[in-house]
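Report on one structure; see the data block that follows.
The values are calculated or read from the model by the stated rules, or taken from the named source; none is laboratory data. This structure is a prediction, so every number in the text was calculated from the model and none was measured. Reconstructed Cβ throughout: ideal geometry from the backbone, glycine too, with neighbour counts over all protein chains shown.
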Amino acid sequence: MSVHNSIDPMRNIVHREPASDSPRLPDEAWLVALASLPAMPPQRLRGLLARWAPAEVWHRASCGAVPEDPELVLHKRSRPWSATLSLWQQAAARIDVSALWSTYRAAGVGVAAYGTAAYPSVLLDDPDPPAMLFFRGTPALGDERRVAIVGTRRCSERSRTIARRLGHDLTAAGVRIVSGLALGVDGAAHIGALDALGGNGSRAGDPGTAQSSTSGNFGAGLFGSPDTASGAASKCDISRTPAAPIGVIASGLDVVYPQRHRPLWHRVAELGLLCSEAPLGTPPTRWRFPERNRVIAALAEVVVVVESPHRGGSMTTVEHALVRGVPVMAVPGPVGIAVAEGTNQLLVDGATPARDADDVLVQLGLTRPDAPASTPRRPPPSAELQLLDAIGWIPTSLAELADQVPLSVDRLVDMLTDLELAGWVASRGDWFERVAEP
Amino acid sequence: MLATIPSATVLGVDGQSVTVEVHVSAGLPGFKIVGLPDTSCREARDRVRAALLSSGSSWPQRRVTVNLAPSGVRKVGSATDVAIAIGLLVAAGELPPEPVARLGFIGELGLDGSIRAVPGTVSLVDALDADVAIVPTASRAEARVAARGEVRPVSTLQELLAALRGEAPWPDPTETPPPPAQAPAPDLADVRGQALARVALEIAAAGGHHLLMVGPPGAGKTMLARRLVGLLPRLDDDRAREVTRVWSAAGERLPPGGLVVQPPFRAPHHTASLVSLVGGGTSTMRPGEVSCAHCGVLFLDELGEFPLQVIESLRQPLEAGYIRVSRALASVVLPAQFLLVAAMNPCPCGEGQPQRCRCTRMERARYRRRLSSPLLDRFDLRVNVARPDVDELLGGTPGESTAAVAARVVDARERAAARGVTCNAELPGRELEQHTPLTCDAADELERVLRTGQLSARGLARIRRLALTMADLAGVPPPLTRPQVRMALHLRADPMPPLHEAVPA
């Protein structure tokens, strides 16, 4: 994979093989050590590996024998090359390569370097591929299609439901969900995916939910139900085997961020693939998130943005997708709500609307656009319809509703509960939010 | 010679009868008080001496021993001053013993011979082992609250001695005219909008359910809480006397009639210390704010700002209706049966609305954690109070008045009384089945919620009590209907839901 120069042409140093214990170490051990160095972004590491074998890169980095090269400096504003070299030297002096490698093996973390068998083949042609990926789970991507579902961390309840439903339905239709395991949309998509994989998505065995969800796309409120995927799956002549999720994260595989998603991390790693460009112990620093989004866009065949304000991490995913020619889809959101302005702008700019899993499957070419739509849900009675109009797309507290609607409070609560059971409204404590349009 | 004069001392809210024995004998002139007096009690010597001299009596140049029996009980405060002075005069032979017989004395002496009021007069007079109570004029109204026959107010030692010697009639101070009527209590009609909060207040007042109001600053939480007292029925005689005893022991100013008839409203600031809240801070084990709110409302504004320890100390009184305060010197039981009303912001920024809130999840979670779930569980009613609707604020129709709501509350409480409790919140769990039958669809609704795991068994009992109060207010006898059960479920909903979702196992 790289040209192995044993002699440094510039300094005319005869390169000797590293110390006596080193020949037994595989390339991955040196790669792990290199990735653990500071000032080693993926692009620079890729540049170094294009020049020398991993063991030699390590040797050169540890004695400061890497010639300056515009391809390695990357930015004009980077620190002086000599400073980079001394950083490497200091760090390398503290790293015991074989000990480091044994910690990786003990932790059960896989290492896939660019060009090796474990490395995802779809990334080989990428304009900016990761130099290496650390992973847990099964690295092989298989033949399943891959769709990224991304969005803001501070999403509305409506979008959380949609992300969850998309994750559920696409997974059930045999599409792998790629996402970043962040709070909000990302996490919801994977929770939906796990629901589909778990076999019984409806955890509570809630009769009300299961009953109401048979008739709608977003029908089951906050909890996915087993039979809701049937609407999507019945139209597609593709495998019904649920596909495993793919999580791409910004920190090291042992640094769970956000902490709340610890169980989600473990489940994704167990059932699918959890990967990161960062070595173990890397904290989730800010710059790593756009880089993580780059990998998500590179792995996906379609990027679905569920909800995003004008500026946000999801928009960097969109930019990376556009660079790679990956189609971008956006879920239409209510007009005038800040958190959905970015996705609506994407639609104005020509992104394909994604209303449900069917739309995404059409984009993937897995189903025909003229397939019969799932049976429409019976609209609520007119009195409840008026109430539904009064409930906005942003969360409203019961106290506010009680003052806006000319109903007695107990009648109001009764109707709200009916609407919630029918899946038009989601509640969280005392807050109510509309989740579907009749 | 020996004189025995009845008096009393107070600990917590309970009075304890004390017999003041004064012995005057030949020997070196001296004065000694025995029988576990505290410092203020021991200092009686100097007050009594000056008061006697100011009143034209002489100080015996003999050996004086004062014993406060029973000598094992700690005597606190200056309530025995007058009894010591009278005992001294009788023992020294300056006053005949006959007119003093069967009289009990309460009061503190000033150096000029004036007789001053002491805290806890109600309990002191109650505890007196005598037929007639002699009390300071200033606390005569208070003293008459005590359940006993004759009370004679006196304002100076001179006056008292003249009356005892038969030189003058017992003073009969003309009743001071009652002060001009107090500012009318805030009325519920002033509140615009707030339909949900009004319902919650009404239910809280009728059923004695503790209420937590969560809302942004300026929504009107404090305004609403102040109007809750007006909805509560006037205290009946027994309770009024009980509350007056507590207030008297705490040294609170009593209303002109002496008897506290309106349910108290206490709103300690969030910087209040633990001791000021639960009581027992002074050597008299003075009752704290929770006891002063006995039979009334304890309002804790900005609940999230109270120190955790202070909030948690409320758990015993909320459960038991009293608080046991133990200090190094004594342990007393103080009554503390109150309706807890608390107000707080939904999160540090105050907005609460999930997409308008500027707090991070961590900040919200940390704010929420300030309330332990056992404490949160004590609140049967947890409602969000929204900022009032603009239309309502500018020229909306005034809401129902306090009087109209209070009438319904009285009716509801009467229905509760027929079940043998003051209010439904006190209904014991074993009687719930009997008093709160459910219609079929109400039972289905409860089953549905129970199966989602959002409701515990204890929660279920509380929901049934709440729904029963709603039925009482509506004047509809049980069985409880589905709308009532749903309403109860929502009034008990978590007002500060965590904004995360569970991960499938």
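The set of residues from region B:90-110 being farther than 18 Å from B:ASP172 by Cβ and assigned to a helix (DSSP H, G or I) comprises B:VAL90, B:ALA91, B:GLU98, B:VAL100. Pairing residues of region B:344-363 that are within 16 Å of B:GLU302 (Cα to Cα) with residues that are assigned to a strand (DSSP E or B), at Cβ distances under 6 Å and at least 6 apart in sequence or on separate chains, gives B:MET344/B:VAL214; B:PRO346/B:VAL214. Criterion applied to A:ALA33, A:ALA50 was being at pLDDT 90 or above and small (Gly, Ala, Ser), and the one residue passing it is A:ALA33. For region B:465-482, the set of residues classified as closer than 14 Å to B:LEU446 by Cβ and out of contact with any Ser or Thr (no Cβ under 9 Å at 6 or more places or on another chain) consists of B:LEU466 only. Scoring A:ILE191 on the criteria (1) within 13 Å of chain B (Cβ to nearest Cβ); (2) part of a helix (DSSP H, G or I); (3) modelled with pLDDT under 90 leaves a single failure, condition (3). Across region B:399-408, the qualifying residues are those that are more than 14 Å from chain A (Cβ to nearest Cβ) and closer than 18 Å to B:LYS221 by Cα, and the one among them that is surrounded by the most Cβ atoms within 10 Å (Cβ to Cβ) is B:THR402.
Looking at the structure I just gave you, is B:ALA416 touching a residue at least 12 places away in the same chain (Cβ under 8 Å) and either within 17 Å of B:GLU202 (Cα to Cα) or β-branched (Val, Ile, Thr) (or both)? In short, yes. Taking the listed residues B:ARG165, B:ARG239, B:ARG226, B:ARG140, the one that is more than 14 Å from chain A (Cβ to nearest Cβ), closer than 30 Å to B:ARG364 by Cβ and either among the charged types (D, E, K, R) or crowded, with 21+ Cβ neighbours inside 10 Å (or both) is B:ARG226, with no other qualifying. So, of the residues in region A:396-410 that are touching a Leu at 6+ places or on another chain (Cβ under 7 Å) and more than 7 Å from every other protein chain (Cβ to nearest Cβ), which turns out to be nearest to A:PHE432 (Cα to Cα)? Ranking the candidates gives A:LEU401 first. Within region B:195-212, can one find any residue that is part of a loop (DSSP other than H, G, I, E, B), over 21 Å from the mean Cα position of the chain (by Cα) and within 14 Å of another protein chain (Cβ to nearest Cβ)? Looking through region B:195-212, none of the residues is part of a loop (DSSP other than H, G, I, E, B), over 21 Å from the mean Cα position of the chain (by Cα) and within 14 Å of another protein chain (Cβ to nearest Cβ).
Scanning region A:42-59 for residues that are within 22 Å of A:TYR104 (Cβ to Cβ) and either touching a helix residue (DSSP H, G or I) at 6+ places or on another chain (Cβ under 8 Å) or among the hydrophobic types (A, V, I, L, M, F, W, C) (or both) turns up A:PRO42, A:ARG44, A:LEU45, A:LEU48, A:LEU49, A:TRP52, A:ALA53, A:PRO54, A:ALA55, A:VAL57, A:TRP58.
Selection over region B:377-398 of residues that are loosely packed, with under 15 Cβ neighbours inside 10 Å and within 14 Å of another protein chain (Cβ to nearest Cβ) gives a count of 6. Within region B:318-350, if we keep just the residues that are within 11 Å of the chain's Cα centre (by Cα), outside any loop (DSSP other than H, G, I, E, B) and not aliphatic (A, V, I, L, M), the residue that is surrounded by the most Cβ atoms within 10 Å (Cβ to Cβ) turns out to be B:PRO335.
Listed here are the residues, each with its yes/no results for (1) at pLDDT below 90; (2) assigned to a loop (DSSP other than H, G, I, E, B); (3) touching a Gly at 6+ places or on another chain (Cβ under 9 Å).
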site: A:ASP125; (1), (2), (3): yes, yes, no
site: A:LEU141; (1), (2), (3): yes, yes, no
site: A:THR152; (1), (2), (3): no, yes, yes
site: A:ARG176; (1), (2), (3): no, no, yes
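Of B:VAL82, B:VAL73, all but one fail to be in contact (Cβ under 8 Å) with a residue 60 or more places away in the chain, surrounded by 19 or more Cβ atoms within 10 Å (Cβ to Cβ) and closer than 25 Å to B:GLY251 by Cα; the exception is B:VAL82.
Scan region A:66-77 and give yes if some residue there is outside any helix (DSSP H, G or I) and at pLDDT 90 or above, otherwise no. The answer is no, given that none of the residues of region A:66-77 is outside any helix (DSSP H, G or I) and at pLDDT 90 or above. Filtering region B:446-483 to residues that are of a type outside the set (A, V, I, L, M, F, W, C) and in a helix (DSSP H, G or I) leaves B:GLU447, B:ARG448, B:ARG451, B:ARG458, B:GLY459, B:ARG462, B:ARG464, B:ARG465, B:THR469, B:ASP472, B:ARG482, B:PRO483.
Residue by residue, here is whether (1) modelled with pLDDT of 90 or more; (2) in a loop (DSSP other than H, G, I, E, B) holds:
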residue: B:CYS41; (1), (2): no, no
residue: B:ASP46; (1), (2): yes, no
residue: B:THR65; (1), (2): yes, no
residue: B:ILE84; (1), (2): yes, no
residue: B:ASP112; (1), (2): yes, yes
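From the residues in region A:426-438 that are more than 27 Å from the chain's Cα centre (by Cα) and part of a strand (DSSP E or B), which one is nearest to the other protein chains (Cβ to nearest Cβ)? Result: A:TRP431.
Quick one: how many residues across region B:265-317 are within 20 Å of B:GLU242 (Cβ to Cβ), surrounded by fewer than 22 Cβ atoms within 10 Å (Cβ to Cβ) and modelled with pLDDT under 90? Residues that pass the stated criteria total 1.
Residues that are within 14 Å of another protein chain (Cβ to nearest Cβ), of a type in the set (A, V, I, L, M) and free of Cβ contacts under 8 Å to residues at least 40 places away in the same chain within region A:330-346 comprise just one, A:ALA338.
When region B:465-495 is filtered for residues that are at pLDDT below 85 and either more than 9 Å from every other protein chain (Cβ to nearest Cβ) or crowded, with 24+ Cβ neighbours inside 10 Å (or both), the ones remaining, listed by number, are B:PRO478, B:PRO495. The residue that is nearest to the other protein chains (Cβ to nearest Cβ), counting only those in region A:385-395 that are surrounded by fewer than 19 Cβ atoms within 10 Å (Cβ to Cβ) and not hydrophobic (A, V, I, L, M, F, W, C), is A:GLY392. Of the numbered criteria (1) touching a His at 6+ places or on another chain (Cβ under 7 Å); (2) within 12 Å of chain B (Cβ to nearest Cβ), the one A:SER179 fails is (2).
Mind counting the residues in region B:115-137 that are among the acidic types (Asp, Glu) and crowded, with 24+ Cβ neighbours inside 10 Å? Final tally of qualifying residues: 0.
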